[in-house]
Amino acid sequence: MGFMRIRTTVDERPGRLASLAAALAARGGNILGLSVQSDSDGTVDEFVADIPAHPEAVREALEAAGGRRVQVVPATAHELTDEPTRALLLASRLRAMPWRLPELLAELLRADDARWIYGEAVSDLPDPTQLVVPVAPRRAVRLRRAELPFTLTEAARAASFARLAQPPVEQAAGESPVKLVDGAEITIRPLTSIYRESVRDLHDRCSPEARRFRYFTAMPTLPPRLFDRLCDRSRGYSLVAGNDGQVVGLANLFFTADPGVAEMAFLVEDRWQGRGLGQVLARMLVREARDRGYAEVKATMLSDNVRMRRLLISLGAPLNYTEDPGVVEARLPVGAVASVRSSSAALPPG
């Protein structure tokens, strides 16, 4: 029949693998690849073999040799690639393009489908043809493979592979100053409830136009319920930029119901606009989105918000008009900017 991928569960007994190999040889099989994997109820032996026998005859032979839950599916010559070499090549591609994690996980495990899923912590699924690989508290990759159930060994491989997509540990925001193009130093920290009054003061100092660009209305004050939402880590992630005891900028990353996509928005005090602070905050938010497993960040802005348009264009995001002619949307793949450290050097104005 040609190349076949053959998988069977066996009990841990001396000589069991030899019995299976002998059964394949008796059917004219030439074993070209072998892997041994752990699973919940025994050891899974997987063969790639060139064998002339019909799949049903192969299954019967292996069951007679002590195999359980024997599965035989077609294979190709491409699957004869040395597995460690293939895994290393995929790992190299992942390090260069971490936002393609689902696609590369599918290649690693030869899955039929792989996609981001969004929500709360994902529990183990009872369906053995699905594998959920956690990436972040609210993000995971779900793999599907109809013909061959996933094993515990494959789950461990997928988890290790996904960790390669995570960025190296960096200094927490705010541990060191960030220098802007004009030499001014700011500190950036995660937003918490202790900044309630400082953020209120920021809104008071911002011009009506700056607030309109952020909220699409000249919101004179920030409602307490909106501030509480910005501090809610289950709904998003926010940063505050400070200088000389004042909050001069606010950046928000919102989780959306669209798997793989987060949304960002900014409010920068007027006198701090055009000095590169927007660039710094945007890069930090994109890096945070990548760390949480998002593939893309979008931003929605009024069409006359020239500074925001320039900022998104400078990051490589194309601008598209929406159904509302006064509103523009930009979508930015996180891999386009996430690898650039926002505090490494002075940035162009934004």
ask   = Quick one: how many residues across the range 14-47 are assigned to a loop (DSSP other than H, G, I, E, B) and touching a helix residue (DSSP H, G or I) at 6+ places or on another chain (Cβ under 9 Å)?
value = 3
query = Quick one: is THR8 open to solvent by less than 60 Å² (accessible area, probe 1.4 Å) and either at pLDDT below 85 or assigned to a loop (DSSP other than H, G, I, E, B) (or both)?
reply = no
ask   = What are the residues in the range 266-280 that are touching a Ser or Thr at 6+ places or on another chain (Cβ under 8 Å) and closer than 19 Å to SER207 by Cβ, if any?
value = ASP270
key: Residues located in the range 272-295, provided they are within 29 Å of ILE117 (Cα to Cα) and surrounded by fewer than 21 Cβ atoms within 10 Å (Cβ to Cβ)   = ARG287, ASP291, ARG292, ALA295
ask   = Cβ-Cβ below 9 Å, separation at least six or inter-chain, first residue in the range 303-322 and without any contact (Cβ under 8 Å) to a residue 40 or more places away in the chain, second assigned to a helix (DSSP H, G or I) and open to solvent by 50 Å² or more (accessible area, probe 1.4 Å): which pairs?
value = SER303/ARG309; LEU315/ALA336; GLY316/ALA336; ALA317/ALA336; LEU319/ARG309; LEU319/ILE313
key: Filtered residues of the range 56-86 (kept if part of a helix (DSSP H, G or I), open to solvent by less than 70 Å² (accessible area, probe 1.4 Å) and in contact (Cβ under 8 Å) with a residue 24 or more places away in the chain)   = ALA57, VAL58, ALA61, LEU62, ALA77, GLU79, LEU80
key: Qualifying residue in the range 306-315 (condition: among the β-branched types (Val, Ile, Thr), out of contact with any Cys (no Cβ under 8 Å at 6 or more places or on another chain) and open to solvent by less than 50 Å² (accessible area, probe 1.4 Å))   = no
key: Unmet requirement for MET97, which otherwise passes all of (1) open to solvent by less than 20 Å² (accessible area, probe 1.4 Å); (2) out of contact with any strand residue (DSSP E or B) (no Cβ under 9 Å at 6 or more places or on another chain)   = (1)
message = Looking at ASP304 and the list (1) in contact with a strand residue (DSSP E or B) (Cβ under 9 Å, 6 or more places away or on another chain); (2) under 20 Å from GLY276 (Cα atoms), which single condition is not satisfied?
response = (1)
query = Does GLY33 fit the bill of being open to solvent by less than 60 Å² (accessible area, probe 1.4 Å) and under 24 Å from ALA146 (Cβ atoms)?
reply = yes
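Residue by residue, here is whether (1) open to solvent by 40 Å² or more (accessible area, probe 1.4 Å); (2) in contact (Cβ under 8 Å) with a residue 60 or more places away in the chain holds:
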residue	(1), (2)
ILE186	no, yes
LEU202	no, yes
ARG205	yes, yes
PRO208	yes, no
ARG214	no, no
request  = May I ask you to list the residues in the range 232-246 that are open to solvent by 10 Å² or more (accessible area, probe 1.4 Å) and either free of Cβ contacts under 8 Å to residues at least 12 places away in the same chain or more than 24 Å from the chain's Cα centre (by Cα) (or both)?
outcome  = ASP232, ARG233, GLY242, ASN243, ASP244, GLY245, GLN246
key: Breaking point among (1) farther than 17 Å from ASN305 by Cβ; (2) part of a helix (DSSP H, G or I), for ARG189   = (2)
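The values are calculated or read from the model by the stated rules, or taken from the named source; none is laboratory data. Keep in mind that what you see is a predicted model, and the values were worked out from it rather than measured. Here the Cβ is made from the backbone with ideal geometry for all residues, glycine too, and neighbour counts use every protein chain on show. Keep in mind that these areas ignore ligands, DNA and RNA; they rest on the heavy atoms of the full protein, side chains included. Shrake-Rupley method; radii C 1.70, N 1.55, O 1.52, S 1.80 Å.
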